[in-house]
Amino acid sequence: MTTAPVRLTDLGMLWTLPGVYAPQEDTRLLAGALRAERITAGMDVLDLCTGSGALAVQAARMGARVAATDISRRAVITARANALRAGQRLQVRRGDLSGPWGRRTFDVVVGNPPYVPARGRRSPPRGRARAWDAGQDGRYVLDRICAQAPYLLRPHGVLLMVQSGLSGVDSTLRRLTASGLSCSVTARASVPFGPVLRRRSPWLREQGLVRAGEDREELVVVRAERL
């Protein structure tokens, strides 16, 4: 399956509180993957790490019943406000990944988690960097989503997750495959380093994650299906 590109403007006019991750190229790439899915009225979609709520609102526009979570109070307020502005109904709860939804399962799980390699083993407990920093290998949240995915998906349910090539795409594919899901990379984009990666370039070079002079990052969407 391939996905059509989506312009950021196609996501509508979105408002964000200070400190909330605003839609960027990874949001655009994941939005294209979501549009490629056959989402019909009445399907249940979970948006993990919802941020501005852009993807949750898009899924609601496609007819889905949408649940969304974020660990940030400001993100929850932002997502609710954007749903109201778009005239869409969402259930948005504050919490850690799927925690607020107990044992509920979903037809589609979509996620744009923190994935940027950073000093420290875990994501920061607070502050703006919590939206992107994910430990030294960038996998602190990615690995947790991979572990939860089989229990969140209904039969033939689909996980769509975006990440950086700097945070081990092969590791994501191996983990999801080992858990019994059928997975592949369905979309890619090469984008210039943003402010965070530009500032972090010397450290990334020390870690062997980028080469000298390298100034572009590959973003990918991983699609995993429970058969």
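Okay, helix-only estimate at 222 nm for the chain: each DSSP H run of n ≥ 4 adds -39500 (n - 2.57), divide by all residues, round to 500 deg cm²/dmol; what do you get? Walk me through the numbers on the way to the answer.
Values: 6 runs with 69 residues, N = 227.
Only helices count here, giving -9500 deg cm²/dmol.
In terms of packing, defined here as the mean over residues of other Cβ atoms within 10 angstrom, the peptides 168-181, 56-69, 198-211 line up highest first as 56-69, 168-181, 198-211.
Between S182 and R205, the modelled labels are 4.5 nm apart [label points 7 Å from Cα along Cα→Cβ]. The distance from the alpha carbon centre of segment 62-81 to that of segment 168-227 is 25 Å, rounded to a whole number.
Residues in segment 216-227 carry Karplus couplings, in order, of 10, 10, 8, 9, 9, 10, 9, 10, 10, 10, 8, 7 Hz; the curve used is 6.51 cos²θ - 1.76 cosθ + 1.60 with θ = phi - 60°, and Gly or Pro positions show x.
With contacts defined as alpha carbon pairs under 8 Å and 6 or more residues apart, what's the relative contact order of the chain in percent?
Details: 499 pairs, mean separation 41.3, N = 227.
With pairs under 8 Å counted, the relative contact order is 18 percent.
Counting protein heavy atoms only, segment 159-209 has 47 percent of its accessible area on carbon and sulfur, 1.4 angstrom probe.
If you stretched the chain out fully between R73 and D215, how much longer would it get, using 0.36 nm times the residue separation minus the C-alpha to C-alpha distance? Spell out each step's value before the answer.
Details: separation 142, 0.36 × 142 = 51.12 nm, distance 3.29 nm.
Extra length available between R73 and D215 comes to 47.8 nm.
Per residue, the chain exposes 49 Å² of accessible surface when a 1.4 Å probe is rolled over the protein heavy atoms with every protein chain present.
Just how much of L34 is accessible, in Å², when a 1.4 Å probe is used and the result is rounded to the nearest 10? Probe radius 1.4 Å; accessible area of L34 about 0 Å². Here the calculated FRET efficiency for A22 and L227, from their Cβ-Cβ distance with R0 = 35 Å, stands at 0.45, rounded to the nearest 0.05.
What FRET efficiency comes out for R93 versus R126 if R0 is 22 angstrom and r is the Cβ-Cβ distance? Round to the nearest 0.05.
On the way: r = 19 Å, r/R0 = 0.85.
Efficiency computed from Cβ-Cβ geometry: 0.70.
Note on segment 35-177: dipole from Cβ charges, positive end direction compared against A149, P100, W132; the farthest Cα belongs to P100. Shape class for segment 18-68: oblate, because the ratio a/c of the largest to smallest gyration tensor axis (alpha-carbon atoms, square roots of eigenvalues) is 1.5 or more and b/c is at least a/b. Globularity index of the chain is 0.94 (Cα radius of gyration / 2.2 N^0.38 Å, N = number of residues).
Under a model in which nothing but the beta-carbon of Lys, Arg (+1) and Asp, Glu (-1) is charged, the chain shows a dipole of about 640 debye around its Cα centre. The simple spin-label model puts a point 7 Å past each Cα toward its Cβ; for S190 and R38 those points are separated by 3.5 nm.
Sort E218, E225 from largest to smallest accessible area, using a 1.4 Å probe on the heavy atoms of the protein chains. Can you show the working numbers first?
On the way: E218 75, E225 40 Å².
Sorted by accessible area, descending: E218, E225.
The values are calculated or read from the model by the stated rules, or taken from the named source; none is laboratory data. If you're wondering where the values come from, they're calculated on a predicted model, not measured in any experiment. Glycine also receives a Cβ, built like all others from the backbone with ideal geometry; neighbour counts cover every protein chain displayed. With ligands, DNA and RNA removed, areas are computed over all heavy atoms of the protein, side chains included. Shrake-Rupley method; radii C 1.70, N 1.55, O 1.52, S 1.80 Å.
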